[in-house]
Every structure is written in structure tokens, then in C-alpha cells.
Amino acid sequence: MEGGRASPRKSGQLQAGDVFRIGMPRTDLSVTVKGVPVKAGFALGSYAAFKQIGDQAMVMGDLVLLDQESPSGDGRPLPRRLEVTAVHNHLNEMSPHVMYMHYGGHGDAVQLAKALRQALSASSTPLGSSSGPAATPTGPTLDAKQIEQALGRTGRDIGGGVFR
């Protein structure tokens, strides 16, 4: 509870190797590349991945941040327990400009999650459960079966016309 009300929660998924992953797509941003809109699920996906190792946990992830939200942009350090491992672009010629900050940390899983929440408080990253159904894609659709066959791997439709 924060301020007498329930805190928004993101649900995660247990993945192979006992890794717990929580996605935090930047659905609040309207980013374009050369005028073409970029869907949050396609290239604006912040996430945290937790793994228990012995008596400690490890967290690694990637945060999609506007320049003014980046700790490196305003001199703010990341909270204790977390360290920046890389800052770079995934997209060229984007508007507004976003950076991708990779981070990692070791310690108690709950304390790592609290440190990550503190770091995210300086951004507008939506932290509540995803709202409503995914947007219906317009235009041509992807042939997921042919993509899977060509890659020899199974994928997943994450909605809004994005197949991962």
C-alpha cells in the first residue's frame, strides 16, 4: 500500500531456467522512426528478470527511458544495489529520443525490486496492470506459422500486431 491505496502491480512470468520476468512496455510513449509509429511491444519494452542463485537473487534488465528520465542525463545515480551495465540506442532517427539503459544487481529479491521501483519513479513507465484489450492491427497481418517455420523456433503473438 502506498499512501493508503493499493500499489499498482505488474504481473510477470516464470520462464525457462527459473527466471521470473516482468515486462514494462512504454505504452505511455508515442515514438516514431522516420515518421513510422513504433509499437511498445515491438521496441519499447522495459523489463526486469530475476533469478535466485543460492541465498541471493540476481536482477538484470533493460529500461526504455526518455533522455530526461535517464539517471545519466541528470546526474542522479541508480539506487543502491543496482548498477548501469550499458546505455545505448536500439533505434535510429527516433522521435522523441529514447535511450536503453541495461542494469543489473545482486542481493535480496525484494530489496532489488524496491530499488528498481525507486529508479522507475523518475520515469513515466506505466507500472499498473495492462489496461484493456490489445489494439487490433490494421493493414496486412504477419504469417506467424511461416515465420516460425523459417526460423525453426516458436514465437508468441503479444497483441497489437506484434509477433515475438
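The values are calculated or read from the model by the stated rules, or taken from the named source; none is laboratory data. Everything numeric in this text was worked out from a predicted model, so none of it was measured. As a convention, Cβ positions derive from the backbone with ideal geometry for all residues, glycine included, and neighbour counts pool all protein chains shown. Surface areas here come from the heavy atoms of the whole protein model, side chains and all, with no ligands, DNA or RNA. Shrake-Rupley method; radii C 1.70, N 1.55, O 1.52, S 1.80 Å.
General observations
- Spans of strands (runs of 3 or more DSSP E) in the stretch 7-61 with at least 1 residues touching an Asp or Glu at 6+ places or on another chain (Cβ under 9 Å) and open to solvent by 70 Å² or more (accessible area, probe 1.4 Å): 45-53
- Of residues in the stretch 143-158 being at pLDDT 80 or above and more than 23 Å from residue 44 (Cβ to Cβ), the one least open to solvent (accessible area, probe 1.4 Å): 152
- Odd one out for residue 42, checked against (1) modelled with pLDDT under 90; (2) over 15 Å from the mean Cα position of the chain (by Cα); (3) more than 19 Å from residue 114 (Cα to Cα): (2)
- Answer residue from the stretch 49-99, given it is among the small types (Gly, Ala, Ser) and touching a helix residue (DSSP H, G or I) at 6+ places or on another chain (Cβ under 6 Å) and is modelled with the lowest pLDDT among those: 73
- Yes/no for residue 87 being under 27 Å from residue 161 (Cα atoms) and assigned to a strand (DSSP E or B): no
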